[in-house]
Amino acid sequence: MVERWRRGDPGAFEELVRRWQTPIARFLARMGCADDQVADLCQEVFLRVYLVRGRYRETGCFRTWLYQIALNAARDASRRRQHRQCRLVPRSNYAPPERLAEDGESFAQTRELIQLVQAALAKLPELLREVLVLRHYEALTFEEMSRVLETPASTLKSRFAQALIRLKQHLPSSLYNTETVD
Amino acid sequence: MNCTQVQAELAASLYGDLENDGAEAIHLHLASCSSCRQELVALQQVRQALDFLPAPEVHVQVTRIMEDAAGRLERRQRLWRRVAAAAMAAAAVFLAAFFSPVRLCLEQGQVVLRWAELRPLVVAPEARPPLGKEGVAGDLQAEVQSLRKLVHALVADVHACEHQQQQKLAALHDRMNVSNAQLDRRLANLNRDLRALYTVQFGSAAKGE
């Protein structure tokens with residue numbers, strides 16, 4: 001499909017868009033783009049892909065190349081907009097969910113959890129958030145990530161560990177099961 | 001491995017990014033360390049919490065992409081056409097100014113700017129006739145004479161203007177002197193009249209007492 005797209009097949013481009021629009025939209029949303037901007041930014045990413053088709057090297061990996069374009073678009077959008085600080089919902093305003101069970105609890109608790117996780121992700125520094133999103137949601141290996149982020153894989157591994165630890169610190173401790181696991 | 005080293009590797013262990021040796025060492029440590037096990041469980045909870053975030057639904061419009069791409073290409077071409085036109089215009093002006101000679105000459109008391117026909121920029125020495133002879137040298141000589149006359153005329157004008165200015169200044173000076181003398185006379189008359197009045201007024205009053 002990538003090869004057909006490189007040769008200018010419009011049908012191949014449509015297939016590419018259908019295959020990658022959801023992962024790219026998810027990536028952009030996790031990187032902090034507002035919900036109402038994700039669709040437009042996603043459109044922009046694929047427009048850039050369409051315009052720079054000639055620069056894609058046959059020997060390269062399309063996935064990492066695409067995420068590079070998406071990352072640049074997300075960074076451009078972040079620079080353009082004012083950073084909105086997501087505030088954690090104050091403890092007095094919500095009923096703290098029960099300790100997170102494996103299958104999740106009620107819908108309201110799930111909604112609260114989503115807000116908490118979004119807020120905690122937004123609090124991460126951009127460098128850590130990029131690595132976390134690419135590793136957890138997009139399942140890129142550290143070698144693939146190093147091509148996207150142009151940073152050594154060993155540095156990215158350490159950033160990923162820091163990102164998880166900081167995320168844990170930003171989430172309420174009531175979420176964690178503190179019982180000793182034997 | 002100590003707890004600090006293990007906890008730094010827990011994220012990698014959780015996501016299966018450790019080599020076999022490393023993973024085994026972690027497992028051995030976890031078997032005997034409850035605090036590291038708790039930390040691992042907490043990170044597992046964080047990982048599960050991350051999966052709760054929903055993925056947005058997006059439908060990218062391919063036709064709009066192609067229209068936008070065509071629009072951008074057209075704008076880029078228009079911009080390059082404008083740049084090319086401006087560059088050509090600048091080059092044409094430069095060539096016209098540099099290669100078209102202009103002659104400055106004095107005719108009937110006026111300075112005249114005239115476009116002449118194209119001449120080579122560099123005249124070969126053998127093609128130039130000696131000074132004083134007819135042809136190009138004669139023209140140049142005539143122009144130099146004209147310019148000399150123009151300069152002399154300008155100098156004479158300047159002298160004449162200076163002389164006029166001096167005369168005017170002298171006339172003004174004379175008039176000022178005359179005016180000053182008249183004022184002095186009037187002031188003297190006024191003082192005399194005031195003294196006379198004072199004498200009449202106060203001298204009568206003293207006699208009356």
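The values are calculated or read from the model by the stated rules, or taken from the named source; none is laboratory data. Remember, predicted model here, so these are calculated numbers, not experimental data. A quick note on method: Cβ atoms are made from the backbone with ideal geometry, for glycine too, and the neighbour counts reach across all protein chains shown. The protein model used for the area step is the full one, side chains on, heavy atoms only, and it has no ligands, DNA or RNA in it. Shrake-Rupley method; radii C 1.70, N 1.55, O 1.52, S 1.80 Å.
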Going by what's in this entry, would A:ARG48 be described as open to solvent by 30 Å² or more (accessible area, probe 1.4 Å), at the interface with chain B (Cβ under 10 Å from one of its Cβ atoms) and touching a residue at least 12 places away in the same chain (Cβ under 8 Å)?
yes
I'd like to verify a number: residues in the range A:21-40 that are more than 9 Å from every other protein chain (Cβ to nearest Cβ), open to solvent by 10 Å² or more (accessible area, probe 1.4 Å) and assigned to a helix (DSSP H, G or I), how many?
3
Hey, can you tell me all the residues within the range B:38-63 that are under 21 Å from A:VAL17 (Cβ atoms), in a helix (DSSP H, G or I) and touching a helix residue (DSSP H, G or I) at 6+ places or on another chain (Cβ under 7 Å)?
B:VAL62
Within the range A:109-129, restricting to residues that are away from chain B (no Cβ under 11 Å) and assigned to a helix (DSSP H, G or I), the one that is surrounded by the fewest Cβ atoms within 10 Å (Cβ to Cβ) is A:GLU126
Within the range B:55-75, restricting to residues that are at pLDDT 85 or above and among the acidic types (Asp, Glu), the one that is least open to solvent (accessible area, probe 1.4 Å) is B:ASP68
Can you find, within the range B:12-34, the residue that is least open to solvent (accessible area, probe 1.4 Å) among those that are touching a Ser or Thr at 6+ places or on another chain (Cβ under 9 Å) and within 10 Å of chain A (Cβ to nearest Cβ)?
B:LEU30
Among the residues of the range B:2-11 satisfying the criterion of being within 20 Å of B:SER32 (Cβ to Cβ) and at the interface with chain A (Cβ under 10 Å from one of its Cβ atoms), which is least open to solvent (accessible area, probe 1.4 Å)?
B:LEU10
